[in-house]
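Remarks on the structure that follows.
The values are calculated or read from the model by the stated rules, or taken from the named source; none is laboratory data. Only a predicted model underlies this, so the values are computations on that prediction, with no experimental measurement involved. Cβ atoms come from the backbone with ideal geometry, glycine included; neighbour counts cover every protein chain shown. Side chains are part of the model used for accessible areas, which takes the heavy atoms of the whole protein and leaves out ligands, DNA and RNA. Shrake-Rupley method; radii C 1.70, N 1.55, O 1.52, S 1.80 Å.
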Amino acid sequence: PFSNPWDPSRCAASMSGPVLELASPHQERSAVLQDSETCGFSVPNDCYGDMIMTLVVFVGNGGCKAYHCGRRFLWTLTSVGIFMLNLIMQFGLSYILYASSVEHSEDKYENGLSGRMNVIENALSDNKALSESSASFQTVEMCSHELASVRGWIMIYYFVVFIWYARMIQEISETMWISAVVWQVPSTAPSNGDNPDEAQELMEGNERGLRALSDADANGNAPRKRIPTLLTNSLRSSKSSHMLPRALTQAMDEEQDNIQMVVRVSPCLRCAILFIVVFWKLTLACWVAWVGAKFLTLSPSTACLVIKSLSLQFVVQIDELLFKSFASLRRQDEVARSQLIYQKPEMQWWSIWGSSLFRFVLAVAATVLTLDVAFGEITSFRLHCYEYFTRFPQPHKVGEGLTNLLF
């Protein structure tokens with residue numbers, strides 16, 4: 001969902017002097033700060049990335065104190081609406097899933113599970129199967145519903161839960177990268193009121209779109225003269241017809257390749273992004289990760305386990321779905337072309353092997369803690385059921401062969 005911020009092709013060599021401006025995609029595209037090496041981080045193309053750029057436009061330039069108040073307000077209102085809808089949908093659906101299906105599946109494991117394991121251990125030690133007339137036969141019936149364990153596929157729980165945590169670590173790592181990048185974006189220097197020429201712009205790059213809404217500087221001064229837009233989105237989309245002149249198609253390539261960069265942020269803007277975007281994205285990612293892991297752990301069969309893991313992707317991708325459904329094509333294009341320019345720290349070992357190793361260890365540790373610690377009693381019960389049915393196979397019922405063939 002996001003590009004590698006440590007890609008050397010995105011980094012700019014350090015130069016001395018003031019911040020540079022992007023003139024065309026054939027010139028050097030990154031703005032660089034004095035005596036520092038900077039890199040570009042592509043803003044996620046979802047409702048969270050849209051909210052980041054909206055905060056840059058609205059909070060970073062003083063809201064309606066600057067120019068384009070009406071357009072900026074409508075743009076912000078739309079972003080907030082999509083962002084709030086995403087929070088409600090993701091948290092609401094995951095909570096309903098947790099309160100209904102997950103808790104209902106856990107009810108049968110909450111009472112007397114240790115006693116049922118003692119019953120199975122006694123039957124194995126006596127080498128005598130439990131009869132249907134005995135009061136303990138309910139334990140055998142309960143074990144018979146644990147199809148994945150009875151058939152010897154208990155390791156599938158570790159595989160699927162590990163893959164689920166790997167998917168959610170992707171969301172969490174993206175959130176942590178956003179927070180780290182926002183923290184490393186240079187701050188706006190205090191301006192001198194006697195010299196308005198020293199005012200700093202927050203965004204640089206293509207002179208249209210969000211840059212047009214954010215073309216006032218950080219102190220609310222008047223914008224500089226903007227370059228008119230060369231082409232519209234409708235003309236750009238018609239390039240595939242191969243009927244436009246070469247000069248026009250070349251201009252379309254230049255216009256489409258241009259990016260807009262956030263080269264500095266104010267302290268207020270930094271705090272707003274960290275709280276509004278990073279905090280809620282991280283909270284939702286951790287909550288959905290736990291609900292999904294518990295939902296998968298309580299699945300009784302391999303078919304149910306795999307189907308549930310696929311259905312959970314729907315909850316994870318709600319932010320992208322809502323943004324692509326309700327955001328205009330222009331808004332999506334503006335977010336896709338936006339970058340945060342940040343100071344690159346000296347952590348080559350982390351970008352080469354440290355990050356991959358940490359994510360893998362984190363996924364393995366989360367899987368083991370979930371299945372062997374948080375739900376260790378359920379895992380132990382399934383192992384007891386597998387040992388019991390291995391020692392005392394149950395007679396096949398009518399249609400069970402077809403069930404085994406399908407699932």
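When SER94, SER100 are checked against the criterion of being surrounded by 14 or more Cβ atoms within 10 Å (Cβ to Cβ) and either under 26 Å from VAL288 (Cα atoms) or not acidic (Asp, Glu) (or both), SER94 stands alone in meeting it. Listed by first and then second residue, the pairs with beta-carbon distance under 9 Å, at least 6 apart or on different chains, first residue in the range 44-55 and in contact (Cβ under 8 Å) with a residue 12 or more places away in the chain and under 11 Å from ILE178 (Cβ atoms), second of a type in the set (Gly, Ala, Ser) and open to solvent by 10 Å² or more (accessible area, probe 1.4 Å), are GLY49/SER42; GLY49/ALA336. A search for C-beta distances below 6 Å between a residue of the range 348-363 that is touching a residue at least 40 places away in the same chain (Cβ under 8 Å) and any residue that is of a type in the set (Gly, Ala, Ser) and assigned to a helix (DSSP H, G or I), counting only pairs 6+ apart in sequence or on different chains, returns ALA363/ALA166. Within the range 282-303, the set of residues being at pLDDT below 90 and surrounded by fewer than 16 Cβ atoms within 10 Å (Cβ to Cβ) comprises ALA303 only.
For every residue, the table says whether it meets (1) open to solvent by 100 Å² or more (accessible area, probe 1.4 Å); (2) closer than 16 Å to ILE154 by Cβ; (3) at pLDDT below 85.
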site	(1), (2), (3)
SER355	no, no, no
PHE358	yes, no, no
THR370	no, yes, no
PHE375	no, yes, no
THR379	no, yes, no
PHE389	no, yes, no
LEU402	yes, no, yes
PHE407	yes, yes, yes
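In the range 135-181, the residue that is nearest to LEU113 (Cα to Cα) out of those that are outside any helix (DSSP H, G or I) and hydrophobic (A, V, I, L, M, F, W, C) is ALA135.
For the range 115-148, filtered to residues that are under 44 Å from the mean Cα position of the chain (by Cα) and over 16 Å from GLU387 (Cα atoms), the residue that is least open to solvent (accessible area, probe 1.4 Å) is GLY115. For the range 232-242, state whether one or more residues are open to solvent by less than 50 Å² (accessible area, probe 1.4 Å) and either touching a Lys or Arg at 6+ places or on another chain (Cβ under 7 Å) or modelled with pLDDT of 50 or more (or both). Taking every residue of the range 232-242 in turn, none turns out to be open to solvent by less than 50 Å² (accessible area, probe 1.4 Å) and either touching a Lys or Arg at 6+ places or on another chain (Cβ under 7 Å) or modelled with pLDDT of 50 or more (or both). Each residue in the range 103-114 was checked for being surrounded by 13 or more Cβ atoms within 10 Å (Cβ to Cβ) and of a type outside the set (Asp, Glu), and 5 pass.
Which one is modelled with the lowest pLDDT among residues in the range 77-100 that are among the small types (Gly, Ala, Ser) and out of contact with any helix residue (DSSP H, G or I) (no Cβ under 7 Å at 6 or more places or on another chain)?
Step by step, filter the range 77-100, then rank; the result is SER100.
Residue-level check: of (1) surrounded by fewer than 18 Cβ atoms within 10 Å (Cβ to Cβ); (2) at pLDDT 90 or above, TRP350 misses just (2). Look at LEU362 and say whether it is surrounded by 13 or more Cβ atoms within 10 Å (Cβ to Cβ) and either at pLDDT 95 or above or among the β-branched types (Val, Ile, Thr) (or both). Yes. Where residues in the range 56-76 are charged (D, E, K, R) and at pLDDT 75 or above, which of them is surrounded by the most Cβ atoms within 10 Å (Cβ to Cβ)? Applying the filter and picking the extreme gives ARG72.
Among the residues of the range 306-333 satisfying the criterion of being of a type in the set (D, E, K, R) and over 15 Å from GLY92 (Cβ atoms), which is surrounded by the most Cβ atoms within 10 Å (Cβ to Cβ)? Checked the range 306-333; the qualifying residue surrounded by the most Cβ atoms within 10 Å (Cβ to Cβ) is ARG331.
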